[in-house]
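Single-structure report; data block below.
The values are calculated or read from the model by the stated rules, or taken from the named source; none is laboratory data. These numbers were taken from a predicted model, which means no experiment stands behind them. Don't worry about glycine lacking a Cβ; one is built from the backbone with ideal geometry, like all the others, and counts go over all protein chains shown. The accessibility values were calculated without ligands, DNA or RNA, using every heavy atom of the protein model including side chains. Shrake-Rupley method; radii C 1.70, N 1.55, O 1.52, S 1.80 Å.
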Amino acid sequence: ALAAEADYVLLGETHTSALDHRVQAELIELMTGDERKLPRPVVGLEMADALRQPGLDKYNRLEISLEELHDALDWENTWRHPFALYAPIFRTVRRLMLPMYGLNMPPHAVREFSRSWPDSRETMTPEDAAHLPPEIIPPSDEQKEFLSSQMKGHMAMAENSGKSGFNADRFFTVQALWDTKMAHEAVILRKELRRPVAIVVG
């Protein structure tokens with residue numbers, strides 16, 4: 001009942017948990033079954049970006065199968081976590097005829113932003129810079145605390161691979177870009193479609 005009244009519902013996950021993805025699919029379905037006839041949700045995906053929207057549009061229009069959606073999203077190169085784990089979500093949204101939208105930055109644009117930080121807006125190609133949100137909202141103190149624990153693992157991987165120059169501020173900013181981009185796109189969907197947005201996100 002609470003989810004059906006919300007503008008945005010964050011459906012969190014551990015990427016490799018089959019149970020999490022089944023619960024996400026169930027919650028999306030529950031959001032559509034409210035007896036008060038509230039607007040049905042649209043589904044926003046962390047694991048897809050604007051460049052993959054044509055494939056999602058074809059799936060939304062029943063023009064391609066679930067297997068073809070895997071290829072249309074270039075899943076193995078853009079997300080990599082097993083596609084089969086997310087299948088309950090994709091099957092549910094098709095059965096309920098709910099449109100899906102990619103919320104994220106294209107991976108290559110995120111990498112370019114990270115490489116050219118802190119002058120990213122000035123040095124990125126116009127095509128990649130066009131994917132940036134108007135501003136990047138910095139992480140909260142609570143999120144920084146969590147990210148700091150994650151950063152230790154990234155630093156260890158960098159050291160083990162012989163890379164140097166790991167920068168904490170850049171790490172925080174790239175993570176903030178990831179989150180801000182998804183939030184920005186979700187707000188656009190909410191305003192343009194006037195429907196709740198169920199956000200499938202880690």
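Structure data summary
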{"quantity": "Eligible aspartates and glutamates near Lys191 by straight Cα distance, threshold 12 Å, same-chain separation 8 or greater", "calculated": "Asp7"}
{"quantity": "Cα-based reach from Lys144 at 17 Å (exclusive), listing lysines while leaving out same-chain residues under 8 positions away", "calculated": "Lys152"}
{"quantity": "In nm, spacing of pseudo-spin labels at Glu135 and Arg170 (7 Å Cα→C-beta vector)", "calculated": "2.5"}
{"quantity": "Most mobile of Leu132, Leu189, Leu62 in a GNM of the chain (Cα contacts under 10 Å)", "calculated": "Leu62"}
{"quantity": "Surrounding net charge for Glu67, when Lys and Arg each add one and Asp and Glu each subtract one, Cβ distance under 15 Å", "calculated": "-2"}
{"quantity": "Karplus-derived 3J(HN,Hα), 6.51/-1.76/1.60, for each residue of the range 37-52, Hz, glycine and proline x", "calculated": "6, 6, x, 6, x, 9, 10, x, 10, 5, 7, 9, 10, 4, 5, 9"}
{"quantity": "Rounded to whole Hz, the Karplus (6.51, -1.76, 1.60) HN-Hα couplings of the range 97-109, x for glycine and proline", "calculated": "6, 9, x, 10, 9, x, 10, 9, 6, x, x, 5, 6"}
{"quantity": "Residue-wise HN-Hα coupling along the range 183-200, computed from phi with Karplus coefficients 6.51, -1.76, 1.60 (Hz; x: Gly, Pro)", "calculated": "5, 4, 5, 5, 5, 4, 4, 4, 6, 6, 9, 6, 10, x, 10, 8, 9, 8"}
{"quantity": "Partners for Lys58 among aspartates and glutamates (Cα-Cα distance below 17 Å; same-chain residues under 8 apart left out)", "calculated": "Asp49, Glu67, Glu68, Asp71, Asp74"}
{"quantity": "GNM top mover of Ala84, Ala183, Ala25 - the chain, alpha-carbon springs below 10 Å", "calculated": "Ala84"}
{"quantity": "Inter-label distance for Ala84 and Ala1, nm, one decimal - labels placed 7 Å from Cα along Cα-to-Cβ", "calculated": "4.0"}
{"quantity": "Cβ-based net charge around Ala129, under 15 Å, with every Lys or Arg adding one and every Asp or Glu removing one", "calculated": "-3"}
{"quantity": "Separation of the Leu66 and Lys191 label points, Cα + 7 Å toward Cβ, nm", "calculated": "3.6"}
{"quantity": "Label corresponding to percent of Cα pairs over 22 Å apart when calculated from the structure given, among [x] 47; [y] 53; [z] 44", "calculated": "[y]"}
{"quantity": "Size of electric dipole in the range 1-148: Cβ of Lys, Arg +1 and of Asp, Glu -1, about Cα centre, debye, nearest 20", "calculated": "460"}
{"quantity": "Heavy atoms of Tyr59 accessible to a 1.4 Å probe, total area in Å² rounded to 10", "calculated": "10"}
{"quantity": "Degrees between helix 83-95 axis and first principal axis of the chain (Cα, 0 to 90, nearest 10)", "calculated": "40"}
{"quantity": "Choice from Ile188, Ile28, Ile136 showing the highest fluctuation, given a GNM over the chain with Cα pairs closer than 10 Å", "calculated": "Ile188"}
{"quantity": "For the range 5-67: rounded, prolate or oblate by the Cα gyration tensor [a/c cutoff 1.5]", "calculated": "oblate"}
{"quantity": "Alpha-carbon centroid distance for the pair the range 1-44 / the range 90-137, whole angstrom", "calculated": "23"}
{"quantity": "Relative contact order [Cα under 8 Å, 6+ residues apart], the range 1-153, whole percent", "calculated": "25"}
